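**Q** Next up is a structure, given as structure tokens.
The values are calculated or read from the model by the stated rules, or taken from the named source; none is laboratory data. Here the structure is a predicted model, which means the values were calculated and not measured. Every residue, glycine among them, receives a Cβ derived from its backbone with ideal geometry; neighbour counts consider all protein chains shown. These area figures cover heavy atoms from the full protein model, side chains too; ligands, DNA and RNA do not enter into them. Shrake-Rupley method; radii C 1.70, N 1.55, O 1.52, S 1.80 Å.
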Amino acid sequence: MKKVISKVLAAGMAVSMTAALGMAVSAEDTTYNVGICQLVQHPALDAATQGFKDALTEKLGDQVVIDEQNASGDSANCATIVNQFVSNNVDLIMANATASLQAAAAATGDIPILGTSITVYNVALSIPDEEWTGSTGTNISGTSDLAPLDQQAAMFAELLPDVKTVGLLYCSAEPNSVYQVDTVKAALEEAGVTCNVYTFADSNDLASITTTAAAECEALYVPTDNTAASNTEIINNICEPAGIPIIAGEEGICEGCGIATLSISYYDIGYKTGEMAYEILVNGADVSTMPIEFAPQFVKKYVPSRCEALGITVPDGYEAIEEEAETEA
């Protein structure tokens, strides 16, 4: 009897070890298919996408196949891209920017979706403030590029203490831009600054709206707005000759047309998104309960050439943005 029991136990252990070995081999042989939908090409979003890819490839090597698509600034293209990802039954979708996230959310309620470069998730996903808990409760999570907006507003007093009229310039099609502008506007008005709001529908009317804003205001604020970020040259060509300083929502916009920003590293939030993807794909993390992650630090930065040209004294605590002319020299 004892011999029979021993044989049964030995057989059971052998089966268990074989199953465990099979699972290990299976895990090593698994290939994960990930689709990336990026709204438009500009430095901030490009950095987030690169961080995401770097994190996944560092952890998974050739076990991950990434299909990276760019929507060229067209939300309709976002829908086409993510619908193709759904048809291909990818394992995870990374949505870079609000329009990409909204398209992905409309396309699937099953495939895990991770957003990045999203300012406020409940605004982007139309979740009421009173229902927002920090995680979506759906197949969506990700990282936010939100910087402390009250501190961005305070930069006007630090750098431009004599300015009394500020124009807030943004694309009306971007709900997260609306949120930022509303918050900064309230903070500026509380400090006694008059605020005028200037919205453009798309890049076609950006020049005319910016020209009006520059003529009517002493300074401008441009949030983390994807349309603005893709067209900083247009804004700069109008505001720089007119001597209109711009406080920007992020470093890419600041470098293109601003004097200063309180910004984050988009590469870092993209990398964090990649780490979240690994947890979902490999370790079975539940995306619906994963809280939205934020940048670990915020840095005050300024553009030396523009500040010097405008006679702006930059206080301690600001880091210079390295400009192309300086790099080439």
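**Q** Would you mind stating whether residue 270 is outside any loop (DSSP other than H, G, I, E, B), of a type outside the set (A, V, I, L, M, F, W, C), touching a strand residue (DSSP E or B) at 6+ places or on another chain (Cβ under 8 Å) and under 30 Å from residue 114 (Cβ atoms)?
**A** On the way: outside any loop (DSSP other than H, G, I, E, B): yes; of a type outside the set (A, V, I, L, M, F, W, C): yes; touching a strand residue (DSSP E or B) at 6+ places or on another chain (Cβ under 8 Å): yes; under 30 Å from residue 114 (Cβ atoms): yes.
Considered against the rule, which asks whether it is outside any loop (DSSP other than H, G, I, E, B), of a type outside the set (A, V, I, L, M, F, W, C), touching a strand residue (DSSP E or B) at 6+ places or on another chain (Cβ under 8 Å) and under 30 Å from residue 114 (Cβ atoms), residue 270 comes out as yes.
**Q** Next question, about the same structure. Can you find a residue that is assigned to a loop (DSSP other than H, G, I, E, B), more than 18 Å from residue 274 (Cα to Cα), in contact (Cβ under 8 Å) with a residue 24 or more places away in the chain and of a type in the set (S, T, N, Q) anywhere in the range 103-111? Talk me through it step by step, then tell me what you get.
**A** From the range 103-111, those assigned to a loop (DSSP other than H, G, I, E, B) are 108-111; that's our starting set.
Within this subset, residues satisfying the condition of being more than 18 Å from residue 274 (Cα to Cα) are 108-110.
With the extra rule that they be in contact (Cβ under 8 Å) with a residue 24 or more places away in the chain, the set shrinks to 108-110.
With of a type in the set (S, T, N, Q) added as a condition, the list becomes 108.
Scanning the range 103-111, I find at least one residue that is assigned to a loop (DSSP other than H, G, I, E, B), more than 18 Å from residue 274 (Cα to Cα), in contact (Cβ under 8 Å) with a residue 24 or more places away in the chain and of a type in the set (S, T, N, Q), so the answer is yes.
**Q** Filter the range 117-170 down to residues that are more than 17 Å from residue 223 (Cβ to Cβ) and small (Gly, Ala, Ser) and give me whichever is farthest from the chain's Cα centre (by Cα).
**A** The residue in question is 157.
**Q** Condition (residue is open to solvent by 60 Å² or more (accessible area, probe 1.4 Å) and in a helix (DSSP H, G or I)) applied to the range 84-100: is it met by at least one residue?
**A** yes
**Q** I've got another one for you. Just one of 242, 277, 248, 260 is in contact (Cβ under 8 Å) with a residue 12 or more places away in the chain and over 21 Å from residue 162 (Cβ atoms); which is it?
**A** 277
**Q** Also, quick follow-up: Restricting to the range 200-232, give me the number of residues that are within 27 Å of the chain's Cα centre (by Cα), assigned to a helix (DSSP H, G or I) and β-branched (Val, Ile, Thr). Working first, answer last.
**A** Just the residues of the range 200-232 that are within 27 Å of the chain's Cα centre (by Cα), to begin with: 200-207, 209-210, 213, 219-232.
The next check asks that each one be assigned to a helix (DSSP H, G or I); those that pass are 203-207, 209-210, 213, 226-229, 232.
Next, only the ones that are β-branched (Val, Ile, Thr) stay: 209-210, 227, 232.
Number satisfying all stated conditions: 4.
**Q** Next up: Of 251, 216, 189, which residue is open to solvent by 20 Å² or more (accessible area, probe 1.4 Å), touching a strand residue (DSSP E or B) at 6+ places or on another chain (Cβ under 7 Å), under 19 Å from residue 119 (Cα atoms) and not basic (Lys, Arg)?
**A** 251
**Q** In the range 121-177, what count of residues is obtained for those that are in a helix (DSSP H, G or I) and touching a Gly at 6+ places or on another chain (Cβ under 8 Å)?
**A** Kept after step one, since they are in a helix (DSSP H, G or I), are these residues of the range 121-177: 121-124, 129-131, 149-159, 175-177.
Still in the list and also touching a Gly at 6+ places or on another chain (Cβ under 8 Å): 121, 124, 152.
Number of matching residues: 3.
**Q** Which one of 312, 253, 235 is part of a loop (DSSP other than H, G, I, E, B) and either under 18 Å from residue 177 (Cα atoms) or not charged (D, E, K, R) (or both)?
**A** Numbers: 253 fails: part of a loop (DSSP other than H, G, I, E, B); 235 fails: part of a loop (DSSP other than H, G, I, E, B).
That would be 312, the only listed residue that is part of a loop (DSSP other than H, G, I, E, B) and either under 18 Å from residue 177 (Cα atoms) or not charged (D, E, K, R) (or both).
**Q** Additional query: Buried (at least 23 other Cβ atoms within 10 Å of the Cβ) and out of contact with any Cys (no Cβ under 9 Å at 6 or more places or on another chain): is that true of residue 135 in this structure?
**A** No.
**Q** Starting from the range 204-232, take each residue that is farther than 18 Å from residue 185 by Cα and of a type in the set (Ser, Thr, Tyr) and list its partners that are open to solvent by less than 10 Å² (accessible area, probe 1.4 Å) and assigned to a strand (DSSP E or B), counting only C-beta distances under 7 angstrom and pairs at least six apart or across chains.
**A** Between residues of the range 204-232 that are farther than 18 Å from residue 185 by Cα and of a type in the set (Ser, Thr, Tyr) and residues that are open to solvent by less than 10 Å² (accessible area, probe 1.4 Å) and assigned to a strand (DSSP E or B), the close pairs are 227/171.
**Q** Would you confirm whether any residue within the range 277-285 is crowded, with 22+ Cβ neighbours inside 10 Å and under 19 Å from the mean Cα position of the chain (by Cα)?
**A** yes
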